[in-house]
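Everything below concerns the one structure shown next.
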Amino acid sequence: MLPIVEPAAPSPAPPGIDAALTTEWLVAFLRDELIERRGIPRALIGLSGGVDSAVTAYLCVRALGAQNVRAIRMPYKTSHPSSLADAQLVIDALGIPSTTIDISPAVDGYLQFEPDADARRRGNVMARVRMVVLFDQSAKLVALPIGTGNKTERLLGYFTWHADDTPPVNPIGDLFKSQVWALARYLGVPHRLIEKAPTADLEADQTDEADLGISYARADAVLARLLLGYSDEQLAEHGFSADEIALVRRRVDATHWKRHLPTTAMLSNTAINEFYLRPVDY
Amino acid sequence: MPPESEAPAHLRVAILQTKPAKGEYQRNLLETAEAFSQVAAEVPELVVLPEGALTGYFLEGAVYDLALPASRFAHDLAQAWRGAGGDAVDLVAGFFENDGGTYYNSAIYLHVTRDEDRIVHLHRKMFLPTYGVFDEERFLSRGHKLGVFDTRFGRMALLVCEDAYHSIVSTVAAVKGARILIVPSASPGRGVENEGEGELESITRWRETLQMAAREHGVYVIYAGLTGFEGGKGMTGSSSVIDPRGRVLVQAPPTEACIVRADLDLREIDLARANLPLLGDLTAVLPYLLQDEELPLPRGRHDAADR
């Protein structure tokens, strides 16, 4: 009998990452973008106690030095106390200066007129107030707000438009959540933040994966293939269920608008970003 | 005793891996002049700069603000070299060319002395990537000719970035007698998924492509890569020199402006070809391949190739 040699069967694994290489690349990106291009050598990061903002802070410290990275915690009165504590773990581990600003009075100042607002609306108000604070602190401290949204949530539309996505520079926006976790392990982010269930912490006991209806590992594995143009039939051959495929595809297709600037009616041959095309760094 | 060759045995090359400020041509020209002072001290015979060396690569509509006639760019570059106190030298650089309202992604080969500068060759990029992150053909016209040209170091060809990504382009250059391929390039880096690789996939793919060309045809390949981040897209630098046996003599880091130095032993070209005579084989067989009626090639001399 002759041995049979054949390729391995497709596996439904999420995308991997060379964490050392990625760190090196993103550190170079942050230095170039903040110091050389924009001339603002200081970063401001809203630390939520989750892994995305923690990884962003670790990258910024490598790029700019701890003294040039400012953390800001922005709890609301219903935020889980552990979020504040987990953010503090990062602040202590990195030795970075920090500020804590309670957004409850600002959020409630508006919501008192909207007592019937549901959890989703309340969550969006919180996210948008955090952006108001982040940008004002940015002006006060002359430090650039750094984005912490990952590729998975960007693709699934799992973020508040013109809130979480507003910082002008984002080092991790092309990394799936699974890759962010791997990067977190490499960078030495405290284990608690890597092990705990991810949450937007906008509602009590909320978790991302319960909200989304799929685990990040599975969503990332589907997304990575979907972006390459795989059909549902091919995805099924890679080991994904019809429900998983439909859920991910539906979320991506329903949220293209969230990944763009507002739709502007075109009336001329010089419409901005349609005819008048200049790169962001020009 | 073997007969003496007319071509020199060595070529001292310097690659200036530039990191231009986007769109700031004059500032970048000044910085290039400063870098030339350092380069000139090495007394190179050939200095190569990347694609879009003094403007950056992703320009979109700003290409119309920044494109220059070849003569003007040649003059600016030559003046920068002279200002740096450099001796006679050959200079190669990529730039965006305005040819009376037709715009190209071009590379120029200049011979510069203290008193004069002469354009030896102008190559207009033929393969304009227009997919994914790339949008060149929206703004630029294609070049239609792959010229080879004679220098005091032997026959050469200029291939701009994607030109070199198609094996047939380096093949045609080599069959037309090029012994050195110069590749000004701007490659945005991508591919971090393979754990433990230690290098972006796009860098690896470029190197392998260039090594294949060098090894198959017995040519030196001089690759000048742009560096620096442009709107989140990091140009991968990695300027390199590959010998005619496909060995990487030197490769620069991806993210830093730097000067790459290499001394090319031009006798290696003949030796490599004697050792692996693939180019001779190809030259013999190529007519049969090209006469294949099933190939979608223009017939007759009136077609695109002569434009």
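Please treat every number below as a calculation from the coordinates, not as lab data. What you are looking at is a predicted structure, and each value in this text was computed from that prediction instead of being measured. Cβ placement follows ideal geometry from the backbone for every residue including glycine, while neighbour counts extend to all protein chains displayed.
Numbers at a glance
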{"read-out": "Average partner coverage of A:174-182, which counts Cβ from other chains inside 10 Å", "value": "1"}
{"read-out": "Length-normalised contact order of chain B in % [C-alpha pairs under 8 Å, at least 6 apart]", "value": "18"}
{"read-out": "Sorted by Cβ neighbour density within 10 Å, fewest at the top, the residues B:Lys125, B:Lys176", "value": "B:Lys176, B:Lys125"}
{"read-out": "Which of A:Trp257, A:Trp181 has the fewest Cβ neighbours within 10 Å, and the rest in rising order", "value": "A:Trp257, A:Trp181"}
{"read-out": "For segment B:121-239: rounded, prolate or oblate by the Cα gyration tensor [a/c cutoff 1.5]", "value": "oblate"}
{"read-out": "Electrostatic dipole magnitude of chain B [Cβ: Lys, Arg +1; Asp, Glu -1; Cα centre; debye, to 20]", "value": "360"}
{"read-out": "Distance from segment A:121-165 to segment B:137-180 (C-alpha centre basis), Å", "value": "48"}
{"read-out": "Shape call, chain B: gyration tensor on alpha carbons, a/c limit 1.5", "value": "rounded"}
{"read-out": "Principal-axis tilt of helix A:216-226 within chain A, Cα atoms, nearest 10 degrees", "value": "70"}
{"read-out": "Spatially proximal lysines relative to B:Lys22 (Cα-Cα < 30 Å; intrachain offsets below 8 disregarded)", "value": "A:Lys140, A:Lys151, A:Lys258, B:Lys125, B:Lys145, B:Lys233"}
{"read-out": "For A:Phe135, A:Phe176, order by how many other beta-carbon atoms lie within 10 Å, fewest first", "value": "A:Phe135, A:Phe176"}
{"read-out": "Cα lying deepest toward the dipole's positive end in chain A, options A:Tyr76, A:Thr148, A:Tyr276, charges on Cβ", "value": "A:Tyr276"}
{"read-out": "Crossing angle, helix A:242-253 versus chain A [Cα axis fit, 0-90 degrees, rounded to tens]", "value": "40"}
{"read-out": "Fraction of beta bridges assigned by DSSP in the protein assembly as shown that are antiparallel (%, nearest 5)", "value": "60"}
{"read-out": "Computed helical MRE - 222 nm, the protein assembly as shown, DSSP H runs ≥ 4 contributing -39500 (n - 2.57), nearest 500", "value": "-11000 deg cm²/dmol"}
{"read-out": "Cα gyration tensor shape of chain A, rounded if a/c is under 1.5, else prolate or oblate by comparing a/b with b/c", "value": "rounded"}
{"read-out": "Shielding by partners, peptide B:49-61 (average Cβ within 10 angstrom, other chains)", "value": "2"}
{"read-out": "Rel. contact order, % - alpha carbon contacts under 8 angstrom, at least six apart, chain A", "value": "22"}
{"read-out": "Theoretical FRET efficiency, 1/(1+(r/R0)^6), r = Cβ-Cβ of B:Ala41 and B:Asp99, R0 51 Å, to 0.05", "value": "0.90"}
{"read-out": "Centroid-to-centroid separation of segment A:247-264 and segment A:169-188 [C-alpha atoms, Å]", "value": "22"}
{"read-out": "Centroid-to-centroid separation of segment B:246-277 and segment A:21-52 [C-alpha atoms, Å]", "value": "36"}
{"read-out": "Amide hydrogen neighbours beyond the local backbone of B:His10, cut-off 5 Å, H modeled", "value": "B:Leu266"}
{"read-out": "Averaged over A:274-281, number of beta-carbon atoms from partner chains that fall within 10 Å", "value": "6"}
{"read-out": "Fluctuation leader among B:Tyr223, B:Tyr109, B:Tyr288 - chain B, Gaussian network, Cα springs under 10 angstrom", "value": "B:Tyr288"}
{"read-out": "Amide H contacts of B:Leu249 (H built 1.01 Å from N, under 5 Å, at least 5 apart or other chain)", "value": "B:Val241, B:Ile242, B:Asp243"}
{"read-out": "Percent RCO, i.e. relative contact order, over segment B:154-307, from Cα pairs under 8 Å lying at least 6 residues apart", "value": "18"}
